[in-house]
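Shown next, in structure tokens, is the structure this report addresses.
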Amino acid sequence: MPANEIAMKWAPRVKQARIRRLYRFAGLGVYDEDALDDVGTSLYARSVDIATVADAFQNGRVACPRCQTRVQRRIDPLYGMGWHGDRGRWFHCPHCSSRLLWTECRKALREKPRCFDCRTLLKGKNPLRCNCGTKWDPRAYHRSIGSRVRLPCPSCRGLIRKPEGSGRKRRNRQSNDERLLCPGCQGTARHTGGEIRCEGCGYRRRWRDYRKGLKRRDERLECEGCGHVFTWQAWRKSARPLTTGNPQPARDFVRLWPTCRTPEQRMLQIDLLLQTLHGRGPLAPLFIEGDERRIRALLDELASQVPAHGKPERSLVAEQVR
């Protein structure tokens, strides 16, 4: 590790005892505002870190370990390694401008089936039913997802069309006229005809071999804000415990938590996040301390304790004042 490189400091996971304490008071019908602030701010800090890691993998914007300024990667766009190797197939929703992959649209429907006509959540298991009267066999529904060219956006539910080039046959990994940095003279090279070529020094190499070399290279990043120099490999290694293919629950909590003004709203947002984690088991250990089995037991316990999304009737601070 370089002398001027410092490790990225991530927010710790939330202790199970803190969450249990919060829900114990909620079950009694009162709010413990200290517990609300403790659990809520801890979940918020953890969500910010998860969203930061997702942004680095998806968009190549890496947070500086010293000042948190976003540093744009250079190597990542060169060999097309996005979140799932699909950088060339990202597109934006025409309704809400969310950055999407077509595979994400399909995955969202497989996790939470929606009606293709009215886009409301389907009920039941076999068959799947909609309020508009539509019925689906689960297997037929999942097969239909793979063949449809119009699907609802996972963010705004607006109907979007499958972008061209998102299929396997039309896949276009790189542009034939892409400008790159020549490894030999540091001048401008071009990716064309399956090779990288530099007219200045005559450098020439197969694109496949060039990509493999880039993946093995430890990319150095320099922050424009504070001048700190660090490496992508070290940053990625420190971010491994926060890496997930589904950062949307964390992003939603980051967006909604600062808007909560009352204890009721804060408790509701915490409960909604924990319910989301309960439904997506592998995601919960990123937020809560402990192994997956104990976390699952905790979430099962909490789901049976607080009815109506955890809406107690009184505030603990108000009770103490009285």
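The values are calculated or read from the model by the stated rules, or taken from the named source; none is laboratory data. Keep in mind the model is a prediction, meaning the values are calculated, not measured. Using ideal geometry, Cβ is built from the backbone for each residue, glycine included, and neighbour counts are taken over all protein chains shown. For accessibility, only protein heavy atoms count, side chains too; no ligands or nucleic acids. Shrake-Rupley method; radii C 1.70, N 1.55, O 1.52, S 1.80 Å.
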Just the residues that are assigned to a strand (DSSP E or B) and out of contact with any helix residue (DSSP H, G or I) (no Cβ under 8 Å at 6 or more places or on another chain), please, taken from region 30-73. VAL71, GLN72
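Out of all the residues in region 183-200, is one or more basic (Lys, Arg), modelled with pLDDT of 80 or more and farther than 29 Å from PRO94 by Cα? Before the answer, list the steps.
Kept after step one, since they are basic (Lys, Arg), are these residues of region 183-200: 190, 197.
Of the ones still in play, those that are also modelled with pLDDT of 80 or more are 190, 197.
Next, only the ones that are farther than 29 Å from PRO94 by Cα stay: 190, 197.
Scanning region 183-200, I find at least one residue that is basic (Lys, Arg), modelled with pLDDT of 80 or more and farther than 29 Å from PRO94 by Cα, so the answer is yes.
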Return the residues of region 146-165 that are within 12 Å of ARG114 (Cα to Cα) and among the basic types (Lys, Arg); say none if nothing qualifies. ARG157
Restricting attention to helices (runs of 4 or more DSSP H) lying wholly within region 189-277, give those where 3 or more residues are within 22 Å of PRO12 (Cβ to Cβ) and open to solvent by 20 Å² or more (accessible area, probe 1.4 Å). 232-238, 248-256
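Mind listing whichever residues of region 270-289 are among the hydrophobic types (A, V, I, L, M, F, W, C) and closer than 13 Å to ASP252 by Cα? Let's see the steps before the verdict.
Applying the first criterion (among the hydrophobic types (A, V, I, L, M, F, W, C)) to region 270-289 yields 270, 272-274, 277, 283-284, 286-288.
Those that are among the hydrophobic types (A, V, I, L, M, F, W, C) and closer than 13 Å to ASP252 by Cα: ILE270, LEU272, LEU273, LEU274, LEU277.
Let's see how each residue does on (1) in contact with a Cys (Cβ under 6 Å, 6 or more places away or on another chain); (2) open to solvent by less than 10 Å² (accessible area, probe 1.4 Å); (3) modelled with pLDDT under 85:
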residue: PRO2; (1), (2), (3): no, no, yes
residue: LEU22; (1), (2), (3): no, yes, no
residue: VAL48; (1), (2), (3): no, no, no
residue: VAL62; (1), (2), (3): no, yes, no
residue: SER98; (1), (2), (3): no, no, yes
residue: LEU101; (1), (2), (3): no, yes, yes
residue: ARG106; (1), (2), (3): no, no, no
